[in-house]
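What follows is a set of notes on a single structure, which appears directly below.
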Amino acid sequence: MIEFRLPSLGADMDEGKLLEWKVKPGDALRKGDVVAVVDTTKAAVEVETWQEGVVEALLVEPGTTIPVGTVMARFLAPGEKPGAAPLTEPARPAPLPAAAAPAPPVAPVPAAVPPPAGERRPVSPAARRRARELGIDPDRLPGTGPHGAVTIDDVERAAASPAKGPAPAPDRAAEMRKAIAAAMSRSKREIPHYYLAEPIPMRRAQAWLAELNATRPITGRILMAAVQLRAVALALRGFPELNGTWQEGAYRPSADVNTGVAISLRQGGLVAPGIRGVQGLAIDELMARLADLVKRARAGTLRSSEFSDPTITVTNLGDTGVESTYPVIYPPQVAIVGFGRVAQRPWVEDGAVVAAPVVVATLAADHRVGDGHRGAAFLAELSRRLQHPEEP
Amino acid sequence: MTITYREALRMGLREALAGDPRVFLMGEDVGRYGGTYAVSKGLLEEFGPERVRDTPLSELAFVGAGIGAALGGMKPVVEVMTVNFSLLPLDQIVNTAAILRHMSGGQFGVPVVIRMATGAGRQLAAQHSHSFEGWYAHVPGLRIVAPATIDDAHGMLGAALASPDPVLVFEYPALFDMAGDLAAASVDISRAAVRRPGTRATIVAYGACVPKALAAAETLAGEGINAEVVDLRVLRPLDMGTVLASVRKTRRAVVVDEGWRSGSLSAEISARLMEEAFYDLDAPVARVCREEVPVPYPKHLEEAALPQAAKIVAAAKGLFQ
């Protein structure tokens, strides 16, 4: 018997709303299969399983908001027979990890959830006009008219009893802002940051990249961002104190470099989903993963693992034009690397001042885990890596 | 004074004949036989053969004669026995009576009144059960009235005779034995009328469907739906002001039409509600019409083919569920 629980998809998440099951009882699952889509404050996330098995029962109705840790489904382990293990029905929310408040009751969301995208809820013309007068969103009201249409009575009923009316639509932008505020406040409250910066000449990296891209179609070209991500991952080999997480008062280094990539969203806000095992990825594979990640982040179809296990974050504000960035660590990680834009600058080379492409790399790191001396050595290694991009 | 719809029609005719020497009645069997539906019974004896004239069985001829008499200064009341036979003088009605004022540059009006019985419900089979009021209501130049009450049966003829242009009066044999109080000395032929006030749905009907609509409203009231019944009365020009005022209040409408649904008067009402009251509607406009078949002869099939109170009730409830 395998209990599939709602994972925490980031330090700032303590509940999520099940939007959709991607499996049904009887389905055989392999590691990494997407089981469900869960709405967090930041995005709709595809939640994966890390255990093999066969789906026995789905315990949560789509539309329900549940705390992290709630058993969402039961799987049969490979070879296990149905009913062999005691059942834990109905789904009980597990206690929130380290949460001060008791777990909120699992309340089904009222029937008045918005229909899935593409489905249009009928609203009578009169109801729509009345709703506009009253400042109510008629698309979120339960409809009692023909074919479930929202009628003028439904609108006036909702206006008359706002307390009993369905919850207002969550404002995604506001929710995300709250989530970012919580994570960043926690970071600045708990993490003693130190900051280092290092200008790095980029002529060799640019030349290497230009040669690599020269014979490629536009769609197959590698971006400098991928080169930088790879350099960070390779440079981290000698600096385990920068790649890991600080949890419950102790540092846990990570063997894999799971690099969170800060991606700004078009509607505002940002997410920092991760690419796993960057240290082992060839540049082409890394570029493909990066492109896919950005695309899915903006489409709102990220996977749970991408949120839950980054071990370091890279933020690149170069395309906005800034010279350098002093980023804030995303807890429970302990370091974040920033890149400004690659720009032509006066640079001393062989005793002469020349114009050269330069990027300023910055490191913000957790002083509880390591010291500035090691951080400086890391930036030096990063600089060397970027000047020898061909090295494995 | 309690009288029947038939007696009210006869009273209207008698008053018209007595009140104006230019008025005369002509049609098949209106004199010696007293009218196919006994509407003109006794009028020949009272007003003589010059004022109450039996005609040959040629609708084209005697409707044309009526139009000529109207052009000549008379006030003819032409009875086409039923709407089913009005297809024969259709050319006279549509191409002459309705249009002559236009064709003569306003020099000639045709103040003819053409009465005809219409509708089904009396087991007269497919050829004698048509409802073509909607067809005539299509034609500019005609005024179409449909008395559904004792007062209108009595008063609409006088109002029609006062019109300088052709008026078609549709009479409903299904209502001829309906009795009621005569309350009004005269009526207009320009406005629709609210026959029963209500708040939750508007039932728009005319002619023989008005009593069915009122019966439906009674049933609906027992089920918590307070329905308003609007009697169109005048099918052309439509008094949409009254209909719109009602629907804007109730926000729901059932249009009842004894004619076939396709291309019907109910289609016109429904379209205008959409055009002029779309944002007031809380449900799509519903319709109850004649089934799109020739009206069957067997009683149960005929009833099934026509609008009935139960169908109106079901349609009105459908606006809420």
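If each residue's Cβ is checked for other Cβ atoms within 10 Å, how do B:Phe278, A:Phe339, A:Phe75 rank with the fewest at the top?
With the sparsest Cβ surroundings first, the list reads B:Phe278, A:Phe75, A:Phe339.
When B:Tyr279, B:Tyr297 are ordered from fewest to most other Cβ atoms inside 10 Å of their Cβ, what list results?
The order, fewest Cβ neighbours first, is B:Tyr297, B:Tyr279.
Taking the number of other C-beta atoms within 10 Å as the exposure measure, put B:Val229, B:Val293, B:Val83, A:Val294 in order starting with the fewest.
Least crowded to most crowded, the residues run B:Val293, A:Val294, B:Val83, B:Val229.
Using a basic spin-label model with each label point 7 Å from the Cα along Cα→Cβ, how many nm lie between B:Thr36 and A:Glu391?
11.0
Identify the GluC sites (Glu not before Pro) of the range A:246-314 meeting these criteria: DSSP loop state and at most 10 other C-beta atoms within 10 Å of the C-beta.
In loop regions of the range A:246-314 (DSSP not H, G, I, E or B), the sparsely surrounded GluC sites (Glu not before Pro) are A:Glu248.
Can you tell me the FRET efficiency between A:Arg368 and A:Ala299 if r is taken as the Cβ-Cβ distance and R0 is 45 Å, rounded to the nearest 0.05?
0.75
Can you give the longest stretch of chain B with no exposed loop site, where a site means GluC sites (Glu not before Pro) in a DSSP loop (not H, G, I, E or B) with at most 12 other C-beta atoms within 10 Å?
Segment B:51-222 is the longest.
Round to the nearest 10 and give me the degree value, 0 to 90, for the angle of helix A:224-235's Cα axis relative to the longest principal axis of chain A.
80
For labels at A:Val348 and A:Arg203 in the simple 7 Å Cα→Cβ model, what's the distance in nm?
That separation, rounded to one decimal, is 1.6 nm.
Which entries of A:Lys188/A:Lys295; A:Lys17/A:Lys178; B:Lys249/B:Lys317 have Cα-Cα distances beyond 21 Å here?
Numbers: A:Lys188/A:Lys295 30 Å; A:Lys17/A:Lys178 17 Å; B:Lys249/B:Lys317 17 Å.
Checking Cα-Cα distances, A:Lys188/A:Lys295 exceed 21 Å.
Can you show me the helix-derived [θ] at 222 nm for the protein assembly as shown, built from DSSP H runs with n ≥ 4 at -39,500 (n - 2.57) apiece and divided by the number of residues, rounded to the nearest 500. Can you show the working numbers first?
Details: 19 runs with 208 residues, N = 713.
Value at 222 nm, helices only: -9000 deg cm²/dmol.
Against the longest alpha carbon principal axis of chain A, how many degrees, from 0 to 90 and to the nearest 10, is the axis of helix A:203-214 turned?
60
Choose one of A:Leu196, A:Thr320, A:Leu59: the residue whose Cα lies farthest towards the positive end of the charge dipole of chain A (beta-carbon charges +1 Lys, Arg; -1 Asp, Glu; about the Cα centre).
A:Thr320
Calculate how steeply helix B:150-161 sits against the longest principal axis of the alpha-carbon atoms of chain B, using the helix alpha-carbon long axis, and give the answer as 0 to 90 degrees to the nearest 10.
Between the helix axis and the principal axis of chain B, the angle is about 50 degrees.
Which lysines have a Cα lying under 24 Å from the Cα of B:Lys41, excluding residues fewer than 8 positions away in the same chain?
B:Lys75
Scan the range B:150-215 for trypsin sites (Lys or Arg not before Pro) in coil per DSSP, keeping those whose Cβ has at most 16 other Cβ atoms within 10 Å, and list them by number.
On the way: sites: B:Arg191, B:Arg195, B:Arg200, B:Lys212; in loops: B:Arg191, B:Arg200.
Here the sparse-neighbourhood loop sites are B:Arg191.
Laboratory data are not the source of any read-out in this text; all were calculated from the coordinates shown. A quick note: this is a predicted structure, and the numbers were derived from the prediction, not measured. A quick note on method: Cβ atoms are made from the backbone with ideal geometry, for glycine too, and the neighbour counts reach across all protein chains shown.
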